[in-house]
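Trainee: Quick one: structure below, then a few questions.
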Amino acid sequence: MVLLAAAVCNRQGKAIISRQFVEMTRSRIEGLLAAFPKLMGTGKQHTFVETESVRYVYQPLEKLFVLLITTKASNILEDLETLRLFAKVLPEYCRNMEESEIVDQAFSLIFAFDEVVALGYRENVNLAQIRTFTEMDSHEEKVFQAVRQTQEKEARDQMKKKAKEIQQRNREMSKSGRSGGFGTGGGFGGSSYRNDSSTPVIDFGSSSDAPKPAYSKPSKPSAPSGPSRALKLGSKKKDVDTFVGQLQSEGEKVVDSSSKSLPTTTTSTPAINQESVHIAVEEKISLSAGRDGGLQNMEIHGLMRMKINDDNASKIKVSVTNNDNKGIQLQTHPNVDKKMFVQSSVITSKNPDKPFPTKQEIGVLKWRFQTQDEALMPLSINCWPNDNGEVNIEYELGNDGLELEDVRINIPCPSGVGAPVINECDGEYQFDSHKKVLVWSLPFIDSTNKLGSLEFCINGHPDDFFPITVTFISKKSFCDIRINDVQHIDSGAPEKFSSEVLFMVDKYEIV
């Protein structure tokens, strides 16, 4: 095939971007593109049209056209295959198929077009290879950057050494000047202010390094000047900034902790408002499944904890509903009346005269469930890596009653081949270049979006994409154990209670 030009134009034939692969004047290409809308017929199913000299092969793309201009002797099947590749390249750089978006990414698109076609002939490349070629990752550049960073570090070490020498010299000068005067070197406790030469001096912003006498009043700190400025040459902030900049250049997200007004530690979500009786249900799942299907092992551990915040609510009974039909194994605390729980699903103290302890969390019920039935998996993951570099992954919610939040599916990627090229994605994705992991994120999965898929391209062996790990949380119990009500034992009056349920992942992997 001989490809004359590749372009993206609007419905009126106006060129948004155009790349000519043979010698062609601007007036010639503009005339060909302007004639294209007039040649298209209505009601035709094929996507090519011919004139006496050239052939137009096109594909509608929302309000635009992806257009190839070839010779009439070109192979139409190869033309269509090349057109499909061009149509896949556009969404990689433009999220919205709008004229303004394409104009903004014009240079990136032209570079990608040059990787597809060279001198009018199609190159044997795929999307992943195009992405790698356009990144222009250079090993020599990395070596140069590493050498330069080493030189900068050596220069900083020299500055630290010089700053330390200046600091020590100034300290000795201040000591010698103080010993000749009256009333400063002697007196009670005068020797306690003397600093050994090996002890570092902390600069609090004072104008002199000389320590103040014990009887002097504290003065307002003044702006540092003179020798105190030399101490800044050995500041660690520059080292930190250089290291942070290196991490950010590699794609890592680094939180700036220099601002004192923002907290630097991760804070947990505040607990819900607790009533007189608060009951918490927590379940953890440990699951291991095969990449070719089949559940190797799934185990659920559950625990119900109770906290009594009011001393008057220590003598209570809790009515529980067990809607589980999977055959979980329940076990009550030794101080809970087991017979009462088996007969009527009520949790109460074994000794009526001994109430529950207050102001502390106590475990009253725990359960365990283990199975190898694949149909009971909360979330099944199916991964299909192909030899041509395409990887298809899909998820399916196993139980329509579950609602999974903050779902993260972590897919390992091979190293040394660049970032994956995403073709389709339900949800959001992020590639961790440091850990070589593609993170597929879905904020919420329930019966309305129980199916989803992700498709990407990257060179690698099928074993490179395993094991796949999954994390999520849910505010619904997997074993479906619910709290009905809480009553006072003596009066039978209902007690106000609050409850929370948390179903989370301990280990969830597809190996």
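The values are calculated or read from the model by the stated rules, or taken from the named source; none is laboratory data. Note that the coordinates shown come from a computational prediction; the quantities given were computed from them, not determined experimentally. Glycine also receives a Cβ, built like all others from the backbone with ideal geometry; neighbour counts cover every protein chain displayed. Please note that ligands, DNA and RNA were not included when accessible areas were found on the heavy atoms of the full protein model with its side chains. Shrake-Rupley method; radii C 1.70, N 1.55, O 1.52, S 1.80 Å.
Trainee: Checking the structure you have, find out if any residue of the range 338-346 is small (G, A, S), open to solvent by 30 Å² or more (accessible area, probe 1.4 Å) and out of contact with any Asp or Glu (no Cβ under 9 Å at 6 or more places or on another chain). Before you say what the answer is, go through the steps one by one.
Mentor: Of all residues in the range 338-346, those small (G, A, S) come to 344-345.
When the remaining residues are screened for being open to solvent by 30 Å² or more (accessible area, probe 1.4 Å), the result is 344-345.
The next check asks that each one be out of contact with any Asp or Glu (no Cβ under 9 Å at 6 or more places or on another chain); those that pass are 344-345.
The answer is yes; a qualifying residue exists.
Trainee: State the number of residues belonging to the range 294-330 that are β-branched (V, I, T) and either within 24 Å of Y508 (Cβ to Cβ) or open to solvent by 70 Å² or more (accessible area, probe 1.4 Å) (or both).
Mentor: As a first pass, look at the range 294-330 and keep what is β-branched (V, I, T): 300, 308, 316, 318, 320-321, 328.
Now narrow it down to the ones that are either within 24 Å of Y508 (Cβ to Cβ) or open to solvent by 70 Å² or more (accessible area, probe 1.4 Å) (or both): 300, 328.
Adding up the residues that qualify gives 2.
Trainee: Every residue in the range 358-381 that is open to solvent by 50 Å² or more (accessible area, probe 1.4 Å) and assigned to a strand (DSSP E or B), please.
Mentor: E361, K366, R368, Q370
Trainee: Right, another one. Could you grab me the full set of residues in the range 271-294 that are under 14 Å from M306 (Cα atoms) and touching a helix residue (DSSP H, G or I) at 6+ places or on another chain (Cβ under 7 Å)?
Mentor: S276, V277
Trainee: A follow-up question, please. Tell me the strands (runs of 3 or more DSSP E) entirely within the range 1-97 that contain at least 3 residues that are out of contact with any Pro (no Cβ under 6 Å at 6 or more places or on another chain) and of a type outside the set (A, V, I, L, M). First the steps, then the outcome.
Mentor: Working: elements: 3-10, 15-20, 48-50, 54-61, 64-71.
Where strands (runs of 3 or more DSSP E) fall fully within the range 1-97 and carry at least 3 residues being out of contact with any Pro (no Cβ under 6 Å at 6 or more places or on another chain) and of a type outside the set (A, V, I, L, M), they are 15-20, 54-61, 64-71.
Trainee: Restricting to the range 75-100, name every residue that is open to solvent by less than 10 Å² (accessible area, probe 1.4 Å) and touching a Lys or Arg at 6+ places or on another chain (Cβ under 7 Å). Explain how you work it out, then say what you get.
Mentor: Within the range 75-100, the first condition is being open to solvent by less than 10 Å² (accessible area, probe 1.4 Å), and the residues that meet it are 79, 82-83, 86, 89-90, 94.
Within the range 75-100, just T82 meets the criteria.
Trainee: Would you pick out the residues in the range 283-293 that are of a type in the set (S, T, Y) and open to solvent by 30 Å² or more (accessible area, probe 1.4 Å)? Full working, then the answer.
Mentor: Looking only at the range 283-293, we keep the residues that are of a type in the set (S, T, Y), and these are 286, 288.
Hit for the range 283-293 is S286, nothing else.
Trainee: Taking the residues in the range 424-446 that are of a type in the set (S, T, N, Q) and at pLDDT 90 or above as candidates, determine which candidate is surrounded by the most Cβ atoms within 10 Å (Cβ to Cβ).
Mentor: Taking the candidates together, the pick is S441.
Trainee: Among all residue pairs at least 6 apart or on different chains, which show Cβ distances below 6 Å where the first residue, located in the range 352-371, is under 12 Å from I279 (Cβ atoms) and the second is hydrophobic (A, V, I, L, M, F, W, C) and open to solvent by 20 Å² or more (accessible area, probe 1.4 Å)?
Mentor: Pairs found: G363/L303.
Trainee: Need pairs with beta-carbon distance below 8 Å; first residue more than 26 Å from N386 (Cβ to Cβ) and within the range 443-463, second of a type in the set (D, E, K, R) and modelled with pLDDT under 90; sequence gap 6+ or separate chains.
Mentor: Hits for this filter: D446/D400; S447/D400.
Trainee: Does the range 119-160 hold any residues that are modelled with pLDDT of 80 or more, loosely packed, with under 13 Cβ neighbours inside 10 Å and of a type in the set (A, V, I, L, M, F, W, C), and which are they?
Mentor: V143, F144, A146, V147, A155
Trainee: Looking at G389, G327, which one is of a type in the set (G, A, S), modelled with pLDDT under 90 and under 30 Å from A128 (Cα atoms)?
Mentor: Numbers: G327 fails: under 30 Å from A128 (Cα atoms).
That would be G389, the only listed residue that is of a type in the set (G, A, S), modelled with pLDDT under 90 and under 30 Å from A128 (Cα atoms).
For (1) touching a strand residue (DSSP E or B) at 6+ places or on another chain (Cβ under 7 Å); (2) in a loop (DSSP other than H, G, I, E, B), each residue gets a yes or a no:
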residue: G416; (1), (2): no, yes
residue: I422; (1), (2): yes, no
residue: F431; (1), (2): yes, no
residue: L438; (1), (2): yes, no
residue: L442; (1), (2): yes, no
residue: F478; (1), (2): yes, yes
residue: D485; (1), (2): yes, no
residue: Y508; (1), (2): yes, no
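Trainee: Look at the range 23-38 and say how many of its residues are under 24 Å from S108 (Cβ atoms) and either of a type outside the set (A, V, I, L, M) or open to solvent by 50 Å² or more (accessible area, probe 1.4 Å) (or both).
Mentor: The number of residues fulfilling the criteria is 2.
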